[in-house]
Amino acid sequence: MPVYVDLDDVLSDTTKSFIKILECEFGKKVNFEDIFSFDLKVSFNLTEIEFEHFFQMVHQPDVILEFAPIEGAIGVLEEWTELCYEVSIVTGRLTAAYETSIAWLAKHNVPYHSFAMVDKYSRKNIDRDIAISLEDFSEMKFSLAIEDSAKMALYLSQKMCIPVALINRPWNRMANLNNKIKRFRSWYDILNDFPTP
């Protein structure tokens, strides 16, 4: 079975880039460690109109292509693929970012076997021809999932019965988890626990 790997803040250092854009565009300064909610509109204290503008900005190709990879992520995926494990990149990004997301993976030589966009968060402006529904997605099978969203980690562990490696992020710090979800500080720690996922 493949390994599910989320993209933003699991493979790519996304939110740290968002903070810089927030300050340049809106003059708001937010420290990474102070992002208390996965809902960035709440954490960044933006109105609905401001957030829509911000969300469109951060999904522009030139912005996405500048995201840095998370330390250790690519190396762990290389080890797993060398051991013949399949890696499935699964993202809840806007579907408009499909081609740019694939280009980012290629730019950083990320090893993977499949790429899927899933409507994880019921967002507007999702192309249903590209993103699959969460219900359809729930029929898929994975040996392990790596996530940063506590809500998605709970869905994966409860609805799909998948063990989840939850990467510690400020927005998942206070989440109530179950025994199928384990927190990790880094990809190196994940590899120590799952040398063969």
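Brief remarks follow.
- Cα centroid separation, the range 28-67 to the range 131-194 (Å): 22
- Note on the range 14-64: Kirkwood radius taken over Cα pairs, Stokes-Einstein applied at 4 °C and 1.567 mPa s, translational D equal to 118 µm² s⁻¹.
- Between 26, 55, 18, the Gaussian network model of the chain with springs among Cα atoms under 10 angstrom shows the greatest mean-square fluctuation at 26.
- Mean ellipticity per residue at 222 nm, deg cm²/dmol - from DSSP H runs of n ≥ 4 across the chain, formula -39500 (n - 2.57): -10000 deg cm²/dmol
- Most fluctuating residue given options 27, 92, 75, as computed from a GNM of the chain linking Cα atoms under 10 Å: 27
- Projected onto their three principal axes, the Cα atoms of the chain cover extents of 46, 34, 32 Å, largest first.
- The range 1-95: trypsin sites (Lys or Arg not before Pro) falling in loop per DSSP and having at most 15 other Cβ within 10 Å: 28, 29
- Considering every alpha-carbon pair of the range 62-165, the percent of pairs per 5 Å bin, from zero through the bin containing the longest distance, is 2, 11, 21, 23, 22, 16, 4, 0.
- Other residues whose C-beta falls under 14 angstrom from the C-beta of residue 130 contribute a net charge of -1, scoring Lys and Arg +1 and Asp and Glu -1.
- Note on the chain: with a GNM built from Cα contacts shorter than 10 Å, the maximum mean-square fluctuation among 83, 156, 177 falls on 83.
- Cβ-based net charge around residue 72, under 13 Å, with every Lys or Arg adding one and every Asp or Glu removing one: -4
No value in this document is a laboratory result; all are computed from the given coordinates. As the structure is a computational prediction, the values presented were derived from the model and not from experiment. No Cβ is skipped: glycine too gets one built from the backbone with ideal geometry, and neighbour counts run over all protein chains shown.
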